[in-house]
Amino acid sequence: MGQIGKKNPGHRKKPRPRQPEIPDARGLVQGSRKASRAPEMTSPEGRRHRDTHEELDAIDFTALFAAQIHDLKNLLFLLLNSLDETLNNRCAGSEISEDAASRLALLKYNGQLINDKLIQMLSLFRFAQGPYVIDIAYRPVEELIEEVVAEAKPLLGARSITISSDVETVLCGFFDRDLAAGVLNNAIHNALQCAKSEIRLSACAENGFLAIRVEDDGDGFPQEILDNGGSMKSLDLSGGKTGLGLYFSSVCARLHSNKGQTGRIALSNGGSLGGAVFTLLLP
């Protein structure tokens, strides 16, 4: 029998092994449950974090994004010019295969679509910053149509699509040349995605408006676009497609007003080619 007040050595408990400290993915230390903490704001590292946050907080990211979009647009412009030179060299007799020329034309077309989006976003940003002064003047419509058709022809590439125009020589209207050209370019580029063989531009005076149409022989606009596209007052950012091009066109049209009338766009199917019909209506 052991002595009173002393533990029996034969019954001594073995010490429990210490659980190893293994860090997990969240920075916790398993076993000890110690967590890694952010540096105290009074420490040198904490002050650096605070200063960096204050610097970033002072940046006007809206203006920054607008400036970067502008720079990207200029860089893309240089790229598209280089593609134009390459395609023109082929026309001048340079040795470029038909397949290579077709691929270059497709590259230019997709690059032009990107350029369109950048211009549209930058323009909408400028519209939103305050009163936007537009250069509305009495201009010949034929010159505008000839310019946008000439810009579109290099995008046709090897595809069997023709683009033509039908405008009265004496037809004139009040419009901002850049805004009107931007709207028509967007309509033509959309038509190029859907047309089977033909795109046609036409213009006429119609019920006190200058009506400029872009038609194609594709399958036409889907019904949901016909229901909403002609009077777009906002962007739907919840889906995969925002409708930026149509919204931009609607805004540009509404910036034109005359004698109580406001410009607008109209979408329909049918027309002279049986496909989609985009109409820009300017008072």
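Readers should treat all values here as calculations from the given coordinates under stated rules, not as data from a laboratory. Everything numeric here is computed off the predicted structure, so don't read it as measured data. Here the Cβ positions follow ideal geometry from the backbone for every residue, glycine too, while neighbour counts run over all protein chains shown.
Structure notes:
- Estimated distance in nm for a label pair at residue 82 and residue 223, the labels positioned 7 Å out from Cα along Cα-to-Cβ: 4.8
- The stretch 136-283: C-alpha gyration tensor shape, a/c 1.5 cut-off, then a/b vs b/c: oblate
- Label-point gap, in nm, between residue 58 and residue 205 - each point 7 angstrom along Cα→Cβ: 6.0
- Nitroxide proxy distance, nm - points 7 Å out along Cα→Cβ at residue 135 and residue 254: 2.5
- Relative contact order (%) - the stretch 136-283, alpha-carbon pairs under 8 angstrom, separation at least six: 23
- Note on the stretch 59-129: Cα-only Rg and Dmax are 16.0, 52 Å.
- Toward the positive end of the charge dipole of the stretch 136-283, with +1 on the Cβ of Lys and Arg and -1 on the Cβ of Asp and Glu, the farthest Cα among 141, 202, 186 is that of 186.
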